[in-house]
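The values are calculated or read from the model by the stated rules, or taken from the named source; none is laboratory data. Everything quoted here is computed from the prediction, not taken from an experiment. Reconstructed Cβ throughout: ideal geometry from the backbone, glycine too, with neighbour counts over all protein chains shown. These accessible areas exclude ligands, DNA and RNA; they are computed on the full protein's heavy atoms, side chains included. Shrake-Rupley method; radii C 1.70, N 1.55, O 1.52, S 1.80 Å.
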Amino acid sequence: MTALPFDNSYARLPERFYARRPPTPVAAPRLVRLNRALAAELGLDPDWLAGPDGVAALAGNAVPEGADPIAAAYAGHQFGQFVPQLGDGRAVLLGEVLDRTGQRRDIQLKGAGPTPFSRRGDGRAALGPVLREYLVSEAMAALGIPTTRALAAVTTGEPVVRETLLPGAVLTRVAASHIRVGTFQFFAVRGDVEGLRALADHVVARHYPEAASAANPYRALLEGVIAAQAELVARWLHVGFVHGVMNTDNMSIAGETIDYGPCAFLDAYDPGTVFSSIDRNGRYAYGQQPRIALWNLTRLAETLLPLLAEDEAGSVAEAEAALASYAARFETAYHGGLARKLGLAETRDGDAALAGDLLKRMAENRADFTLTFRTLCAAAERPEADAGVRDLFVDPMAYDAWAKDWRGRLSQEARDPAETAAAMRRVNPAFIPRNHRVEAMIEAAVERGDFAPFETLLTVLSRPYADQPDQAAFALAPEDGGVGYRTFCGT
Ligand code: AMP
Ligand code: MG
């Protein structure tokens, strides 16, 4: 039986794109969780995956038939510093499958042992970060935000050495591809124009097929990535997501959220929020993300210069014209999403200012980001529900003043209030992966081997826009408003 119907297009690219290398077996694999729905979407047999042969494959102890395991080469800017060689230091791409809709998807084991790109690392992952990525990436998918997915988590039965000894684990990650801005940088820095062209052609065929018939396919490719990233970052802002480590090696060419190391969600709204302990200058703060995405896209554009036109001046002009499209793409996506969050189906002058005024008042009053927008849904229908929103503001009158303007604007909408409230509930989640819940979940699993909180949280977060009254506690902000919460890079 070919349980995994692989078709490995990346492994057919030139040898210098990767190192061919199987995962390193582990002592005692045990399945923590299999994402059965995703397995089915991928056309894989969930029962096989959950059985001994499947678990061996998910742990890296057996290489399934048809797989062609490789560690991909890439470079990247890390906190603004260029590193010419990074690469998959602890991940192995097993191969690609065509899913039920015909989409090509990577199946990658993260934490699968050392590779030629491991540098001083051990190639392994600890259970805590694996569970964090599993949970948060699946929560993002349920929120409707483009993201890599989690197919499975297994424990290895081996410790990993970090500041302390921690249980080891392997995550099976599924992505449209693992090609990053840093992959293009890898070839650009080596002056390898043929490699660059092969990569760009691969990406056009795989992710931006419409670019192939454009007058300038590489310019169309660049514009495609720009559009996808502008949209993605806007979506992050709409749910209060802070990626935390937007290095160019962590920016997917396909426009998916990737790398869930130090990510976290806002509790109280403050655009300066930084969670990552290593982000000392706030480079990747919540409100910096749109700017940083453009910085990263500018690095991508630089790598494409040899392909964009015959001469350098022409290439620079093409790159600049493409990059100039970012601002409008982002603004449209961001303000469109904010308007929907406020229940506005039509567009009027002043809508962006109305949203901006609310955000300013939320920041001044430390209002919880998610709860404010969710409680507004009821307030759109019944002004009595204002009480629930007011309570979230240090000075409730700051809300009242804004609410008057908002009601004035809502009264111009054709939809009736019940319809407006229902539409708002489809874009303003009740449930996000609250940091205090994620930490408690990780602690239970790592310290006590108790995976029940992981299962519960995963179930609640699979329906973020539903009310789920019996799970109301999971919608609440932490008692202290999340002040001082810190995350650490999941290595
Ligand atoms: P990240 O911070 O996860 O984006 O990783 C940055 C780089 O460090 C990538 O090249 C990773 O493959 C590598 N890396 C991270 N953790 C490890 C590890 N435990 N062993 C080997 N390489 C690692
Ligand atoms: Mg990374």
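Taking segment 286-338 on its own, how many of its residues are hydrophobic (A, V, I, L, M, F, W, C) and closer than 19 Å to Phe241 by Cβ?
Result for segment 286-338: 8.
I need the full set of residues from segment 1-14 which are of a type in the set (Ser, Thr, Tyr) and more than 24 Å from the chain's Cα centre (by Cα), in order please.
Thr2 - this is the single residue of segment 1-14 that is of a type in the set (Ser, Thr, Tyr) and more than 24 Å from the chain's Cα centre (by Cα).
Pairs needed: first member in segment 165-188, farther than 15 Å from Asp106 by Cβ; second member anywhere, part of a strand (DSSP E or B) and of a type in the set (D, E, K, R); C-beta distance under 6 Å; at least 6 residues apart or different chains.
Between residues of segment 165-188 that are farther than 15 Å from Asp106 by Cβ and residues that are part of a strand (DSSP E or B) and of a type in the set (D, E, K, R), the close pairs are Gly168/Glu158.
How many residues are within 27 Å of the chain's Cα centre (by Cα) and crowded, with 20+ Cβ neighbours inside 10 Å when one looks only at segment 307-332?
Total meeting the criteria: 4.
In segment 279-320, which residues are of a type in the set (A, V, I, L, M, F, W, C), in contact (Cβ under 8 Å) with a residue 60 or more places away in the chain and under 21 Å from Ala234 (Cα atoms)?
Those that are of a type in the set (A, V, I, L, M, F, W, C), in contact (Cβ under 8 Å) with a residue 60 or more places away in the chain and under 21 Å from Ala234 (Cα atoms): Ala293, Leu297, Leu300, Ala301.
Among Ser315, Ser277, Ser252, which is farther than 29 Å from Pro209 by Cβ and polar (S, T, N, Q)?
Exactly one of Ser315, Ser277, Ser252 is farther than 29 Å from Pro209 by Cβ and polar (S, T, N, Q), namely Ser277.
Specify the residue that is nearest to ligand 2 (Cβ to nearest atom); the eligible residues are those in segment 243-259 that are under 30 Å from Arg361 (Cα atoms) and out of contact with any Cys (no Cβ under 6 Å at 6 or more places or on another chain).
Val245
Which of the helices (runs of 4 or more DSSP H) contained wholly in segment 287-378 include at least 2 residues that are within 15 Å of Val225 (Cβ to Cβ)?
289-308, 312-323, 325-341
Are any residues in segment 91-135 within 16 Å of ligand 2 (Cβ to nearest atom), closer than 29 Å to Val427 by Cα and touching a helix residue (DSSP H, G or I) at 6+ places or on another chain (Cβ under 7 Å), and if so, which ones?
Arg132
One line per residue, one yes/no per condition, for (1) of a type outside the set (Gly, Ala, Ser); (2) assigned by TED's automatic domain parsing to the domain that holds Ala71; (3) within 27 Å of the chain's Cα centre (by Cα); (4) open to solvent by 20 Å² or more (accessible area, probe 1.4 Å):
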{"position": "Arg16", "(1), (2), (3), (4)": "yes, yes, no, yes"}
{"position": "Ala19", "(1), (2), (3), (4)": "no, yes, yes, no"}
{"position": "Ala28", "(1), (2), (3), (4)": "no, yes, no, yes"}
{"position": "Ala37", "(1), (2), (3), (4)": "no, yes, yes, yes"}
{"position": "Glu41", "(1), (2), (3), (4)": "yes, yes, yes, yes"}
{"position": "Asp45", "(1), (2), (3), (4)": "yes, yes, yes, yes"}
{"position": "Ala56", "(1), (2), (3), (4)": "no, yes, no, yes"}
